[in-house]
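A quick write-up on the structure given underneath.
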Amino acid sequence: MGDPHVQHMPISAGVSDDLLRRFARSDDPEIEARRRWILRFLLAHSPEGKKLLIEHAIERGQLIGARAALRRVLARRGLALSAPLEAQIDACSELATLERWLDQAVTATRADDALV
């Protein structure tokens, strides 16, 4: 049933905060190599964690693709995006909203009309 030396134990908020700080992005290749090892270990030993990671990656890919499609349609139609509209597209994390905006971009006369 797995490694008998590894145990699951609840951790305090302080320890949790410390772990999050320690796992912040680093430019140190040794630290990044350790992180990759830990990630590979967790993926190999946690089917649920692996499934969640895959689902997250798929969702993120769908959002990226929807944003790109929306921008492409607006550009092809000659509808320029202002900086605030670009930011609105980037901030949107709902696939259904991006798809609605894409549908609206097909017939909109201005870019801001598509993003309502």
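The values are calculated or read from the model by the stated rules, or taken from the named source; none is laboratory data. All figures in this text were calculated on a predicted structure; none of them were measured in a lab. In this analysis, Cβ positions are derived from the backbone assuming ideal geometry, glycine residues included, and neighbour counts consider all displayed protein chains.
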With the condition kept exactly as written, say whether any residue in the range 24-35 is at pLDDT 90 or above, of a type in the set (Ser, Thr, Tyr) and exposed (fewer than 13 other Cβ atoms within 10 Å of the Cβ). no
Answer from 57, 66, 75 - the residue that is surrounded by fewer than 12 Cβ atoms within 10 Å (Cβ to Cβ) and small (Gly, Ala, Ser): 57
Answer yes if at least one residue in the range 89-105 is modelled with pLDDT under 95, aromatic (Phe, Trp, Tyr) and in contact with a helix residue (DSSP H, G or I) (Cβ under 8 Å, 6 or more places away or on another chain), and no otherwise. no
Any idea which of (1) in contact with an Asp or Glu (Cβ under 7 Å, 6 or more places away or on another chain); (2) closer than 26 Å to residue 115 by Cβ is the one residue 94 doesn't satisfy? (1)
The number of residues in the range 78-108 that are touching a residue at least 12 places away in the same chain (Cβ under 8 Å), of a type in the set (Val, Ile, Thr) and surrounded by fewer than 14 Cβ atoms within 10 Å (Cβ to Cβ) is 1
